[in-house]
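Right, one structure below, let's go through it.
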Amino acid sequence: MLASMKARRIAIVVKGYPRLSETFIAQEILALEQRGLDLEIWSLRHPTERAVHPMHKAIKAPVTYLPEYLYEEPLRVLRGGVWSLRQKGFGRAMRAFWGDLKRDFTANRVRRLGQAFVMAREMPEDVGHLHVHYLHTPASVVRYAALLTGRTWTFSAHAKDIWTTPDWEKREKIAEALWGVTCTAQGAGNLQSLSRPERVSLVYHGLDLSRFPSPPEGRPARNGVNPRDPVRIVSVGRAVAKKGYGDLIKALAALPQDLHWRFAHVGGGELLASLKKQAQEAGIADRVAFLGAKAQPDIISLLREADLFVLPSKEARSGDRDGLPNVIMEAASQGLAIVATDFAGIPEFIRDDLEGRLVPPGDWEALSNAVNLLARDPERRKSLGDAAFSRLRREFSMEGGIDVLEARLRAVTQSPTREPERV
């Protein structure tokens, strides 16, 4: 056990690395590393995308991949299990595991225990603290590994992990972690209601504006009148239910015939084929381009060339929802007018008719109307885009959040292990 170990190094644990859709995690790791924290990365999955962001290439922390499926590396899992069996924390880890398994009897629980065995055995001795992104499955691995080894752990919760994880599980994990942060007021309120409020803090990701060019000067004043120079509408996000792209296809199809426009979507996702079919059936496939996943430089170029950014987030049937999507702040970094939904963490940054236009989630008719009005009004687009950029620079830069995380993580590198709370 490492009960008295001081965390000279910190392990950052993620579900997958690198991932194009998680620029906020890469941004945070790089910033903490540049401030002198000694980090290493542990990932539950291997990457599934070929492209990477420049941030990923700049990160120097070594990466260790756990077996995504236990049967793929049986000897590694067996060694981890045998090693764990001899540890003083084995009983505590197994009690936590059995408590979880009784309430959620799934193969996923067994997989997380096996990954924790491997992590606990292979973690270098000079790593004394674990910080995990996402409070659902990655935090289960970290929780079991921490119990096995006596290490401390903390968490960053985001969106899906908050809204789809049972309250009992969140409550127990929050009690065992030293502290946690999350990136929206809604999410913070949910987690604080399950613990002492001071255990979970609101820390916005913000945006590292040093990685982005200044907004372009003199965007063309397109108004949809010229068919040879249509209004350019863009969105960036995974093609999944919570992004609301089905509503956007309906909204685009309902735009008046005299408005000339083109739409480009960037992102992968399970619903991509369905959205392409929907666009075809709606008769707008010739004006819609699905570009797939792109690295950040390509996304920035697209944002600079666009006139309007749209993201119609809503709650999925599974309960999954967005936090404050980084892509909205990225659009604001380029002074781009934004149409989004009054949902999740979005209105914490975009206020209706001040920094953008917000419509009710799931209301494709209101979405279509907002897009139509802004597409025809380049002066209003410029006013909203300027206001969004100003608020981003003033209140949502990365530095404030990184200051908090740096201070807290430096504090745990100087603190011995704390006993978890009882729940």
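The values are calculated or read from the model by the stated rules, or taken from the named source; none is laboratory data. Values in this document were obtained by computation on a predicted structure and should not be read as measured data. Here Cβ is always computed from backbone atoms with ideal geometry, including for glycine, and neighbour counts include all displayed protein chains.
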Margin query: Consider segment 136-161. How many of its residues are of a type in the set (A, V, I, L, M) and either modelled with pLDDT under 95 or within 23 Å of E406 (Cβ to Cβ) (or both)?
Written below: 5
Check: Is segment 296-304 home to any residue that is over 20 Å from H265 (Cβ atoms) and either touching a Cys at 6+ places or on another chain (Cβ under 8 Å) or in contact (Cβ under 8 Å) with a residue 60 or more places away in the chain (or both)?
Finding: no
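In segment 71-78, is there at least one residue being surrounded by 16 or more Cβ atoms within 10 Å (Cβ to Cβ), part of a helix (DSSP H, G or I), modelled with pLDDT of 95 or more and among the aliphatic types (A, V, I, L, M)?
Filtering segment 71-78 down to residues surrounded by 16 or more Cβ atoms within 10 Å (Cβ to Cβ) leaves 73, 76-77.
Filter once more, keeping what is part of a helix (DSSP H, G or I): 76-77.
From what is left, the residues that are modelled with pLDDT of 95 or more are 76-77.
Those left that are additionally among the aliphatic types (A, V, I, L, M): 77.
Checked segment 71-78: at least one residue is surrounded by 16 or more Cβ atoms within 10 Å (Cβ to Cβ), part of a helix (DSSP H, G or I), modelled with pLDDT of 95 or more and among the aliphatic types (A, V, I, L, M).
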Next item on the list: Would you please list the contacts, defined by Cβ atoms under 8 Å and residues six or more apart or on different chains, that run from a residue in segment 364-384 that is under 16 Å from N226 (Cβ atoms) and outside the structural domain of L259 (by TED's automatic domain parsing) to a residue that is surrounded by 22 or more Cβ atoms within 10 Å (Cβ to Cβ) and among the aromatic types (F, W, Y)?
Entry: none
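Results for (1) in contact with a helix residue (DSSP H, G or I) (Cβ under 7 Å, 6 or more places away or on another chain); (2) aromatic (F, W, Y); (3) assigned by TED's automatic domain parsing to the domain that holds I233, shown as yes or no for each residue.
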residue	(1), (2), (3)
L324	yes, no, yes
M329	yes, no, yes
F343	no, yes, yes
E348	yes, no, yes
D352	no, no, yes
Check: In segment 163-179, which residues are free of Cβ contacts under 8 Å to residues at least 40 places away in the same chain and in a helix (DSSP H, G or I)?
Finding: D167, K170, K173, I174
Notebook entry, point to check: What is the number of the single condition among (1) exposed (fewer than 14 other Cβ atoms within 10 Å of the Cβ); (2) over 23 Å from T137 (Cα atoms); (3) among the basic types (K, R) that R196 does not meet?
Noted result: (2)
Next item on the list: Would you mind listing the strands (runs of 3 or more DSSP E) fully within segment 7-68 where at least 1 residues are buried (at least 19 other Cβ atoms within 10 Å of the Cβ)?
Entry: 9-16, 39-45
Note to self: Being at pLDDT 95 or above and either closer than 30 Å to V132 by Cβ or surrounded by fewer than 17 Cβ atoms within 10 Å (Cβ to Cβ) (or both): is that true of G244 here?
What the structure shows: yes
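In segment 329-371, what residues are of a type in the set (V, I, T) and either more than 15 Å from L303 (Cβ to Cβ) or out of contact with any strand residue (DSSP E or B) (no Cβ under 6 Å at 6 or more places or on another chain) (or both)? Steps first, please.
Residues of segment 329-371 of a type in the set (V, I, T): 338-339, 341, 346, 350, 359, 371.
Hits for segment 329-371 are T341, I346, I350, V359, V371.
Each row is one residue, and each column tells you yes or no for (1) over 23 Å from T23 (Cα atoms); (2) out of contact with any strand residue (DSSP E or B) (no Cβ under 7 Å at 6 or more places or on another chain).
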site: L135; (1), (2): no, no
site: D161; (1), (2): no, yes
site: P166; (1), (2): yes, yes
site: E169; (1), (2): yes, yes
site: A175; (1), (2): yes, yes
site: L178; (1), (2): yes, no
site: R196; (1), (2): yes, yes
Next item on the list: Would you confirm whether any residue within segment 123-140 is charged (D, E, K, R) and part of a helix (DSSP H, G or I)?
Entry: no
Notebook entry, point to check: Of everything in segment 286-322 that's of a type in the set (K, R), touching a strand residue (DSSP E or B) at 6+ places or on another chain (Cβ under 7 Å) and at pLDDT 95 or above, which residue is surrounded by the fewest Cβ atoms within 10 Å (Cβ to Cβ)?
Noted result: R287
Notebook entry, point to check: Is it fair to say R232 is over 26 Å from S21 (Cα atoms), crowded, with 18+ Cβ neighbours inside 10 Å, in contact with a strand residue (DSSP E or B) (Cβ under 7 Å, 6 or more places away or on another chain) and not assigned by TED's automatic domain parsing to the domain that holds L130?
Noted result: no
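Every residue, every condition in (1) at pLDDT 95 or above; (2) in contact with a Ser or Thr (Cβ under 6 Å, 6 or more places away or on another chain); (3) closer than 30 Å to R376 by Cβ, yes or no:
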residue	(1), (2), (3)
T165	yes, no, no
K173	yes, no, no
L178	yes, yes, no
V181	yes, yes, no
T184	no, no, no
R196	no, no, no
S201	yes, no, no
S210	no, no, no
R222	yes, no, yes
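Answer yes or no as to whether G187 is in contact (Cβ under 8 Å) with a residue 12 or more places away in the chain and crowded, with 24+ Cβ neighbours inside 10 Å.
On the way: in contact (Cβ under 8 Å) with a residue 12 or more places away in the chain: yes; crowded, with 24+ Cβ neighbours inside 10 Å: yes.
So G187 fits the description; yes.
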Check: Say we look at segment 46-67 and pick out the residues that are modelled with pLDDT under 95 and of a type in the set (D, E, K, R); which of these is nearest to L207 (Cα to Cα)?
Finding: K57
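Any residue at all in segment 102-121 that is closer than 21 Å to L405 by Cβ, outside the structural domain of D322 (by TED's automatic domain parsing) and polar (S, T, N, Q)? Let's see the steps before the verdict.
Looking only at segment 102-121, we keep the residues that are closer than 21 Å to L405 by Cβ, and these are none.
Checked segment 102-121: no residue is closer than 21 Å to L405 by Cβ, outside the structural domain of D322 (by TED's automatic domain parsing) and polar (S, T, N, Q).
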